[in-house]
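Worksheet for the structure shown next.
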Amino acid sequence: MRILVIEDDRKISSFLKKGFKEVGYAADVAGDGEEGLLLARQDHYDAIVADLMLPKLDGLGMIERVRAEGIDTPVIILSAKRSVDDRIRGLQAGGDDYMVKPFSFSELLVRVQTLLRRSQRTPQATILEVGDLKLNLTEHTAERGGEEIDLQPREFALLEYMMRNAGRVVTKTAILEHVYDYSFDPQTNVVDVLVCRLRNRIDKPFDQKLIHTIRGVGYVLKTD
């Protein structure tokens with residue numbers, strides 16, 4: 001999952017970015033409304049978390065422009081404004097949910113996950129299955145052939161991404177962008193290391209291998 005955080009308070013944006021990373025989500029941060037709008041236009045995000053009191057372009061204006069341009073990424077508004085009128089304006093501008101500061105990250109995460117499941121743009125299954133491999137997104141568990149597999153957050157995020165793209169080759173660049181939150185560096189081997197770790201978890205103990213390397217391109221998860 002890839003989240004766009006639009007927040008000018010650096011402490012809050014850093015807190016959100018760290019929180020999303022800990023559960024295996026990649027998070028990009030924009031410090032003002034104009035930058036947030038630019039990122040929302042340029043990249044694919046599964047959800048946007050946006051403040052209302054933003055420099056350059058306020059949150060309401062940013063959301064209205066996002067919606068006017070046909071971008072239907074789910075948006076959760078975070079704001080210190082707590083009146084009913086403020087909430088109504090935020091939802092009327094195109095927000096999907098509204099949370100008042102101070103807030104609980106665990107509640108925010110649940111709301112993000114709920115929006116993702118309800119989104120008609122990208123329907124989110126709660127259980128992904130490829131062959132005898134099963135990933136439960138709600139319980140954050142994985143199993144193969146009925147045997148539970150213990151995965152670290154990055155491994156879980158990579159497996160989810162590959163299962164959502166089962167049968168399709170995913171490049172190292174795409175993995176970096178969706179599992180991590182920085183652009184491709186041809187010198188880095190973090191993807192190779194992460195794929196190797198995941199292979200040891202889900203393939204090594206079994207006869208049938210699911211993760212296949214496409215040399216010079218990337219990796220594919222498939223049953224044949």
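The values are calculated or read from the model by the stated rules, or taken from the named source; none is laboratory data. Since this is a predicted model, take the numbers as computed values, not measurements. Here Cβ is always computed from backbone atoms with ideal geometry, including for glycine, and neighbour counts include all displayed protein chains. Accessible surface is based on the protein model in full, side chains and every heavy atom, while ligands, DNA and RNA are left aside. Shrake-Rupley method; radii C 1.70, N 1.55, O 1.52, S 1.80 Å.
For Thr141, nonlocal amide neighbours, meaning residues 5 or more places apart or on other chains whose placed amide H falls under 5 Å from its own, are Asn136.
Relative to the longest principal axis of the Cα atoms of the chain, the long axis of helix 105-118 lies at roughly 80 degrees. In order along region 16-22, the phi-based Karplus estimate (6.51 cos²θ - 1.76 cosθ + 1.60, θ = phi - 60°) of 3J(HN,Hα) comes to 5, 4, 5, x, 5, 4, 5 Hz; Gly and Pro are listed as x. Each Lys and Arg contributes +1 and each Asp and Glu -1, all at the Cβ; summed about the Cα centre of the chain, the dipole is approximately 160 debye. Counted over the chain, the DSSP beta bridges are approximately 50% antiparallel. Within the accessible surface of the chain, defined with a 1.4 Å probe on protein heavy atoms only, the carbon and sulfur portion equals 48 percent.
Loop sites here are trypsin sites (Lys or Arg not before Pro) outside DSSP states H, G, I, E and B with no more than 14 other Cβ atoms within 10 Å. The longest part of the chain free of them is 1-55.
Pairs of Cα atoms in the chain fall into 5 Å distance bins, from 0 up to the last occupied one, in shares of 1, 7, 14, 18, 17, 14, 11, 8, 5, 3, 1, 0, 0 percent. For a straight C-alpha distance cut-off of 29 angstrom, the lysines reachable from Lys81 (same-chain residues fewer than eight places away being disregarded) are Lys11, Lys17, Lys18, Lys21, Lys56, Lys101.
Applying the Karplus relation 6.51 cos²θ - 1.76 cosθ + 1.60 with θ = phi - 60° to region 164-176 yields 3J(HN,Hα) values of 5, 10, 3, x, 10, 6, 10, 7, 4, 4, 5, 5, 4 Hz, where x marks Gly and Pro.
Normalising the Debye intensity of region 25-106 to I(0), with uniform scatterers on Cα atoms only, and taking log10 at q = 0.17, 0.24 Å⁻¹ returns -0.62, -1.25.
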